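Note sheet for the following structure.
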Amino acid sequence: MTQNPKLATIKALLAKAEDPAASPEEAEAYFARAAKLMSKYGVEKAMLAETQQETDNLTHRAFDIKGKYVPDRSALLFSITHALGARNVYWTLTDYETGKRYRKVKVYAHESTLERIEMLFASLQLQALNGMAKARPSYGQSTTAYRKSWMAGFSSTVRRRLDQAEETAVQESAQQGVGAELVLVKRDAAVERFFKQAHPKLKTAPRRRLTGTGWNDGRAAGERAQLGSNQIGGARKALTV
């Protein structure tokens, strides 16, 4: 299947941001371009689906988050999904091959939104982990605590920047006489109904408490970031954030 040219351009911009050789200024410029293109793509798909619903169906996609910093990487995914109008639920499970805990996150949205989420999460995870590894806590501070708060700052800033990009795309469509705002409101409502039909009763996840001082460093890195089953049913209750 031939890839949409706009998605191919976005992927290329994100790949440039992931390059360790890119300066912070270059990465920020790549991010701005990728985020703008991605938001415009979302509006275009929404408008097309308004008259041709079969072009962008509601569905869901699962993300298994394993390895290090699982809650922190999950929070990054949540920041992306919320900014793009998706809904998500997660379970904390055990990988019986390794004995370690991991999270299965199921995201509900339109197909085009899930494409954007998957692309952003793959890139931003790599950018975040690379940036976090380079950052250094102050003397005597726990490296783990610092890195967790760093990731929280990064995720918060990514959410804000994506929110801004989405809002700008809607405003630009209005200036062009497209009027995407009401269409997007209808899509958000459809996602909400679709999600609640699948999960009518959910337990709300508790708020995390972080003690590290890496928030500001992570937030600064986020400013530079390039945005461009039965087993589950038998596990702990699903959570939503």
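A few remarks follow.
- Subset of the stretch 94-112 (residues that are part of a helix (DSSP H, G or I) and open to solvent by 10 Å² or more (accessible area, probe 1.4 Å)): Glu111
- Residues located in the stretch 132-163, provided they are under 26 Å from Thr81 (Cα atoms) and open to solvent by 30 Å² or more (accessible area, probe 1.4 Å): Ala133, Thr144, Arg147, Lys148, Ser156, Arg159, Arg160, Asp163
- Sole exception among (1) open to solvent by 20 Å² or more (accessible area, probe 1.4 Å); (2) under 23 Å from Thr168 (Cβ atoms); (3) within 11 Å of the chain's Cα centre (by Cα) for Gln127, by number: (3)
- Output for the stretch 183-200, where each listed residue is open to solvent by 60 Å² or more (accessible area, probe 1.4 Å), farther than 18 Å from Val105 by Cα and modelled with pLDDT under 90: Val185, Lys186, Asp188
- Taken together, Tyr139, Tyr146 contain a single residue that is part of a helix (DSSP H, G or I) and over 22 Å from Ala62 (Cα atoms), which is Tyr146.
- Some residue of the stretch 37-55 being modelled with pLDDT of 70 or more, out of contact with any Gly (no Cβ under 8 Å at 6 or more places or on another chain) and not aliphatic (A, V, I, L, M): no
- Hits in the stretch 129-175 (condition: small (Gly, Ala, Ser) and out of contact with any Ser or Thr (no Cβ under 9 Å at 6 or more places or on another chain)): Gly131, Ala133, Ala135, Gly140, Ala152, Gly153, Ser173, Ala174
- Selection status of Lys68, modelled with pLDDT of 70 or more, open to solvent by 30 Å² or more (accessible area, probe 1.4 Å) and of a type in the set (Lys, Arg): yes
The values are calculated or read from the model by the stated rules, or taken from the named source; none is laboratory data. Computed from a predicted model, the values in this text were never measured in an experiment. For neighbour counting, all protein chains shown are included, and Cβ atoms are generated from backbone atoms with ideal geometry for every residue, glycine included. Just so you know, the surface numbers come from the protein's heavy atoms only, side chains and all, with ligands and any DNA or RNA stripped out. Shrake-Rupley method; radii C 1.70, N 1.55, O 1.52, S 1.80 Å.
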